[in-house]
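The values are calculated or read from the model by the stated rules, or taken from the named source; none is laboratory data. Since the model is a prediction, treat every value here as computed from it, not as a measurement. Reconstructed Cβ throughout: ideal geometry from the backbone, glycine too, with neighbour counts over all protein chains shown. Please note that ligands, DNA and RNA were not included when accessible areas were found on the heavy atoms of the full protein model with its side chains. Shrake-Rupley method; radii C 1.70, N 1.55, O 1.52, S 1.80 Å.
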Amino acid sequence: AEELVKQLGKNGVLGEVIVDLVWSLATELDDFFDNNSPKRRLIRGLLDHDFLNRMVGYDEAKYYYQELEKVLAPDFNYWLHRGSLELEHGNLVGAERFLNQARGINQRDQNTLTEYAYLLLLKALDNPSGPDAVSFVQEAEAILRKNIATRGDRDPHSYHILVGNMMQWVKTRSMRPSEEKSTLHGLRTTLEDGRRRHPKNAHLAKLSQQLEEELRTRWIR
């Protein structure tokens, strides 16, 4: 199956196959919230933005999401991954529009909330002196820490988004030295918890090295 997917990708027809398959499956679904449905699970896998971006590229993935909007508009997961694709490629306006669609359909989905928090952090970093930047960061941090508290043992992604972007925020935003130091040490505690729960996660290991270097550079003279 993996070789078939790779070959279809090389031939430039994988996206068309995915669109046709997802369209067919979606028209047979009665409930887009039924996660126990095999068809629903297959649709979720085929809509994954990382998968599509890797297999067909950003422009093609955008096109196929657009093609599927008519049949998948009731599905928050569709909007989540469409927004996540734009977020990964720096289109914050498009990402916000699509993620708000996802949140409007399902306000409690934690994956959606995680991506929305990521969006808020990127908006703050994009304009750190803006009037809403601090409130964006505070809201994002609250969302991510709540996610960590409820499912940190299953979700390393929230740790990665929180620590990585907050490190950038410390570099970008002018802070008092005591506030900067306190923030970085708080991130160290959070990251230690994440690495304890996810000892094999390469992203968290790399972040840990970066954070320790940041602490040495700034606070060990």
### Query
Given the pairs 70/206; 171/200; 62/181; 70/171, which span a C-alpha to C-alpha distance of over 31 angstrom in this model?
70/206; 62/181; 70/171
### Task
Summarise the long-distance tail of P(r) for the chain by giving the % of C-alpha pairs beyond 22 Å.
57 percent
#### Entry: trypsin sites (Lys or Arg not before Pro) restricted to segment 120-215 and DSSP loop, no more than 16 other C-beta within 10 Å
154, 200
### Query
Given just the C-alpha atoms of segment 110-217, how large is their convex hull per residue in cubic angstrom?
90 Å³
### Summary
Carbon and sulfur atoms account, in whole percent of the 1.4 Å probe accessible area of segment 25-150, for 45 percent
### Task
Considering the convex hull of the alpha carbon atoms of segment 165-221, report its projected area averaged over all viewing directions, in nm², one decimal.
3.8 nm²
## Note on the structure
Per the C-alpha gyration tensor (a ≥ b ≥ c, the square roots of its eigenvalues), segment 51-174 is rounded if a/c is under 1.5, else prolate if a/b beats b/c, else oblate; here it's prolate
## Note on the structure
CD proxy, 222 nm, the chain: helix-only mean residue ellipticity via -39,500 (n - 2.57) per DSSP H run with n ≥ 4, per residue, nearest 500, stands at -26000 deg cm²/dmol
### Query
If r is the Cβ-Cβ distance from residue 180 to residue 20 and R0 is 41 Å, what FRET efficiency results, to the nearest 0.05?
0.20
### Task
Answer with one residue from 204, 134, 163: the one whose Cα lies farthest towards the positive end of the charge dipole of segment 98-220, charges on Cβ with Lys, Arg +1 and Asp, Glu -1.
204
### Base-10 log of normalised Debye intensity for segment 88-144 (one unit scatterer per alpha-carbon) at q = 0.29, 0.30 Å⁻¹
-1.21, -1.24
### Summary
Probe 1.4 Å, heavy atoms of protein chains only: per residue, the accessible area of segment 131-221 in Å² is 58 Å²
#### Entry: segment 16-114 - Rg and Dmax from Cα coordinates, angstrom
12.5, 34
### Summary
Carbon plus sulfur, as percent of the 1.4 Å-probe accessible area of segment 182-221, comes to 50 percent
### Query
Taking the Cβ-Cβ separation of residue 200 and residue 50 as r and a Förster radius of 25 Å, what is the calculated FRET efficiency to the nearest 0.05?
0.85
